[in-house]
Amino acid sequence: MKSLKLIRLIYKIHRNEPPRLEEIEEMGLLAVKISQYYALRADFIDEKTCVYLSKLYEYSYAAQKREIDLAIDKDKWILDALESYENLPFSSASIGQVHIGYLRGNDKEDRKVAIKIRKENFKESFLKDIENAKKIANILLFFYPKLKKVFNPLEVLENIEEGTLKELHFLNEVEGANYLRRLKNENSEKFDLKDLYFSSFVESLCCERVIVSKFIEGESFNTLLKEGRLKYSELLKLFKYHTFFMFKLGVFHGDLHPGNIILNENGEITLIDCSTIGKVKSKLRKGLFGFFYYLSRYNYDKSAFYLNEMSEKRLNQKDFEKFLEKFKALYSDFKDSSVSDVSLTKRMMETIKLSINSGMEFEEGMFHVIKSLMYLDGMVLKCNPEVNLMNDIREFTELLKSELKD
């Protein structure tokens, strides 16, 4: 990505005039990652701009499809181990494409696999862009050193680089799925997780840029939502699983957009693309649980208390009282409102902005949580816009009540 384009992108975002999503994607992976980061920063970017940029978490323009022999290149040994495979992909995006194949054996359906291939030289192109971006960041910090206190561009770029390189190394997806599956198995007797599954891989046929997984029959939440066929009860089941992992274990799928959730005819939910694992420390995890536990019961004093408890820098009594007054005013229209009346994502962004402006500070894990809320709130809005989500969250939080200190 050219340096001038990067500067123009950041300038337009700060002016709350972001480019079209297609234009951002065409700038390259770094432009998308920077825009996605801004989508979570309602503390200094306009809320409407954040919501608009958040669409990049599940948006992908139509990418050019390549024949499998050309796409897989030097890793063709993987194809030699298969009985057959389809030449053209059934799915493609900017990062790569996915083909259907079959393992050697007797039962053809059990042998059906998905072959995910990363584009060649994609990693090298990203690293070149990130180095150019760091040079720009250093120049900005030289002329505007105060920027480091508000929004340190170098720190942001380093976080983006670390996360993206992990995502581009496909074996991390295998490791992430195995990790979440192990946590599920360890906790299945404590909590009902029987309909939750994760991608299963043929690990002998996986490498850095190609992975082979058992094909998952079913339809994505994305397809079901677009066609109006997703039952609200299935979405609540996902909420139940996600809140258990987030609030009880402090570990959860970090990219839970509708395209990464597959539902089969038996009501089983499979989470795919587990390369990004969201993690929150014990203090933030328990504070978040307390915040949502009492928010779902409209106890704003207790909810605000737990928000301050999870802050890295707690407010003193005088400042907290000022904050509480503003907090209650912010949530004055919240009780018994539907998701179409009051968006949970929007209200959480406003809450974080109010908290930070009041003097609170939160660990980086908070932004993984906000991203999850964006996805879940967006799915509810498409599935059942007139529902009162807090009433249903209340039921889930009751199951995890032991996380509360009081």
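A few notes on this one:
- Helices (runs of 4 or more DSSP H) fully within the stretch 97-198 counting 1 or more residues that are of a type in the set (Gly, Ala, Ser) and either touching a Lys or Arg at 6+ places or on another chain (Cβ under 7 Å) or within 20 Å of Ser213 (Cβ to Cβ) (or both): 171-187
- When the stretch 366-406 is filtered for residues that are open to solvent by 30 Å² or more (accessible area, probe 1.4 Å), at pLDDT below 85 and either in contact with a Ser or Thr (Cβ under 8 Å, 6 or more places away or on another chain) or acidic (Asp, Glu) (or both), the ones remaining, listed by number, are Glu395, Asp406.
- Filter result for Ser355 (of a type in the set (Gly, Ala, Ser), under 26 Å from the mean Cα position of the chain (by Cα) and part of a helix (DSSP H, G or I)): yes
- Residues being over 22 Å from Tyr37 (Cα atoms) and either surrounded by fewer than 16 Cβ atoms within 10 Å (Cβ to Cβ) or among the hydrophobic types (A, V, I, L, M, F, W, C) (or both) - total across the stretch 339-365: 4
- From Lys302, Lys328, residue being basic (Lys, Arg) and either at pLDDT below 95 or more than 22 Å from Thr243 (Cα to Cα) (or both): Lys328
- Entry remark, the stretch 318-356: residues being without any contact (Cβ under 8 Å) to a residue 24 or more places away in the chain and not aromatic (Phe, Trp, Tyr) number 9 in total.
- Number of residues in the stretch 9-48 that are over 23 Å from Phe122 (Cα atoms), open to solvent by 10 Å² or more (accessible area, probe 1.4 Å) and outside any loop (DSSP other than H, G, I, E, B) equals 5.
- Hits in the stretch 265-275 (condition: buried (at least 20 other Cβ atoms within 10 Å of the Cβ) and among the polar types (S, T, N, Q)): Thr270, Ser275
- Residue ID - nearest to Leu79 (Cα to Cα), chosen from residues in the stretch 210-222 that are without any contact (Cβ under 8 Å) to a residue 60 or more places away in the chain and open to solvent by 50 Å² or more (accessible area, probe 1.4 Å): Glu217
The values are calculated or read from the model by the stated rules, or taken from the named source; none is laboratory data. It should be emphasised that the depicted structure is a prediction, and the values quoted were computed from it without experimental measurement. Neighbour counts run over all protein chains shown; Cβ positions are idealised from the backbone, glycine included. Keep in mind that these areas ignore ligands, DNA and RNA; they rest on the heavy atoms of the full protein, side chains included. Shrake-Rupley method; radii C 1.70, N 1.55, O 1.52, S 1.80 Å.
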